[in-house]
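The values are calculated or read from the model by the stated rules, or taken from the named source; none is laboratory data. Computed from a predicted model, the values in this text were never measured in an experiment. Cβ placement follows ideal geometry from the backbone for every residue including glycine, while neighbour counts extend to all protein chains displayed.
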Ligand code: FAD
């Protein structure tokens, strides 16, 4: 008997719920596992997946394919299915071709994906194929945590308390899933030809614009499960101890940088939490080393935003979580939008962050908050424009976390920053890039400015201003106080109309 495991956003062998279950069933029945991975260009288009992320996934799949065959004799069949509507039919068609009566996969919680999985189960039933979908992507499965009145939490802090309680009461949830057993050699021999199908390449619309960009991104982000574990181990052994004090300063490079692995599933969030707990001075998740405790609470945000998405799926349809914010009248200003995207707003911390994103496909969390707030509140541009731009560039683009982050910064999301709290980008720069090192690293025009003047050269005057002028660094495109007033007035009147 053949059991199929369909790899999606779980491009790893270790700690993979569905793969582990598929393998257990195959072993019980004296059969083997076939892996399947489908590249669906329409999905990548619809979800605005960045070239960096597409490339990261394909590279991860190639490594997965080799490791699965070498260590487990599991063939991974990799194919391209041009139209999304054909994906379910293709999965079941292949199952029939291989004589498989069981197809397993891990759940993806966004609306399109849930509908697809539902269709797979329904069509599977008609074709006498047992389809099993598993919770795997969240540490605590969505739906498990309820408020005292049986509702879904919409505020992080009490949700997090309940998340901790759940994990302390059900410690097995964090256990590593069993690795798959090797396939019997005769099974591997029969299906070896599936392993030999070449991995489809990234479609032309999603390729990097230059080969130098490709080399740069590939060097920055080694793909695959082994690279993920190396990154995690490095962070846990070198940096996590100081994470609570260093994590807000972009120039320190002090965070884990495993987000692209969580997003592609080359690393499970469960493994991250379990590994952090293992190096802590206590078995509890809310005590011991402060750095570990805080890091665990950050990884938990990822679960929080997924739980929210499962309960309020309308956020997948471009609607704000808080419907009363639907009536804010946003500015239409393509010049400002372009200046923001290109990092030419005249606010050095914003520009440095955006240029870093454009160059590296990654942005530090503090900077994500600063630039998102700047777009929605200072420029009063619709936050969804920024949300989309992030997805189109980020190597770690992830719908739930990105949507959650934008909703937080624009005050339209779940458990947001109150709308009247408008980040002051000048102060943010002073607080989190005190010496201006991050700005100097990314804003070429200001590289020669010494000292803090780099954070606001036209205000600082003197040499800072001379350098900025000489190199054509733009003046601020909006004035902070004016922008802040306009924002408060516009949000208030939008709410009034709600
Ligand atoms: P660390 O600080 O080391 O955190 C460890 C892990 O915890 C991260 O890898 C990530 O998986 C998770 N995490 C940390 N903070 C958050 C958070 N606020 N929300 C959800 N998960 C979190 N994260 C993404 O993975 N993909 C996105 O598309 C994304 N878009 C964002 C957009 C905005 C506007 C904002 C404010 C935040 C966004 N984040 C997103 C969250 C966060 O910025 C990144 O996860 C983090 O910067 C990744 O770097 P790291 O791996 O070094 O994080």
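Observations on the model:
- Total residues in the stretch 377-392 satisfying the condition of being more than 10 Å from the ligand (Cβ to nearest atom) and either touching a strand residue (DSSP E or B) at 6+ places or on another chain (Cβ under 6 Å) or part of a helix (DSSP H, G or I) (or both): the figure is 7.
- Each residue in the stretch 464-487 was checked for being part of a helix (DSSP H, G or I) and touching a helix residue (DSSP H, G or I) at 6+ places or on another chain (Cβ under 7 Å), and 7 pass.
- Flag for residue 490 being out of contact with any helix residue (DSSP H, G or I) (no Cβ under 8 Å at 6 or more places or on another chain) and in a helix (DSSP H, G or I): yes
- Some residue of the stretch 341-352 being in contact with a helix residue (DSSP H, G or I) (Cβ under 7 Å, 6 or more places away or on another chain) and either within 14 Å of the ligand (Cβ to nearest atom) or in the same structural domain as residue 155 (by TED's automatic domain parsing) (or both): yes
- Restricting attention to the stretch 64-92, the residues being without any contact (Cβ under 8 Å) to a residue 40 or more places away in the chain and under 14 Å from residue 4 (Cα atoms) number 2.
- Enumerated helices (runs of 4 or more DSSP H) restricted to the stretch 242-332, each holding at least 1 residues that are under 28 Å from residue 386 (Cα atoms) and more than 9 Å from the ligand (Cβ to nearest atom): 243-246, 259-264, 290-311
- The residue that is surrounded by the most Cβ atoms within 10 Å (Cβ to Cβ), among those in the stretch 174-192 that are touching a residue at least 40 places away in the same chain (Cβ under 8 Å) and assigned to a helix (DSSP H, G or I), is 187.
- Counted residues, the stretch 399-441 - those being more than 16 Å from the ligand (Cβ to nearest atom), touching a residue at least 24 places away in the same chain (Cβ under 8 Å) and within 13 Å of residue 347 (Cα to Cα): 6
- Sole residue being buried (at least 23 other Cβ atoms within 10 Å of the Cβ) and touching a residue at least 40 places away in the same chain (Cβ under 8 Å), chosen from 373, 392: 373
- Given (1) over 24 Å from residue 262 (Cβ atoms); (2) within 12 Å of the ligand (Cβ to nearest atom); (3) surrounded by fewer than 23 Cβ atoms within 10 Å (Cβ to Cβ), index of the condition residue 366 fails: (1)
- Across the stretch 472-480, not a single residue is classified as over 14 Å from residue 345 (Cα atoms) and either in the same structural domain as residue 351 (by TED's automatic domain parsing) or at pLDDT 95 or above (or both).
- Among the residues examined, residue 374 does not qualify as within 12 Å of the ligand (Cβ to nearest atom), farther than 30 Å from residue 264 by Cβ and over 19 Å from the mean Cα position of the chain (by Cα).
- The set of residues from the stretch 208-225 being surrounded by fewer than 15 Cβ atoms within 10 Å (Cβ to Cβ) and under 23 Å from the mean Cα position of the chain (by Cα) comprises 209, 215, 219.
- Residues being surrounded by fewer than 20 Cβ atoms within 10 Å (Cβ to Cβ) and either over 22 Å from residue 357 (Cβ atoms) or assigned by TED's automatic domain parsing to the domain that holds residue 385 (or both) - total across the stretch 303-340: 23
- Taken as a whole, the structure places residue 278 among residues that are out of contact with any strand residue (DSSP E or B) (no Cβ under 9 Å at 6 or more places or on another chain), at pLDDT 95 or above and over 30 Å from residue 407 (Cβ atoms).
- Residues that are more than 16 Å from residue 379 (Cα to Cα) and either loosely packed, with under 12 Cβ neighbours inside 10 Å or without any contact (Cβ under 8 Å) to a residue 12 or more places away in the chain (or both) within the stretch 466-491 comprise 466, 469, 470, 472, listed in sequence order.
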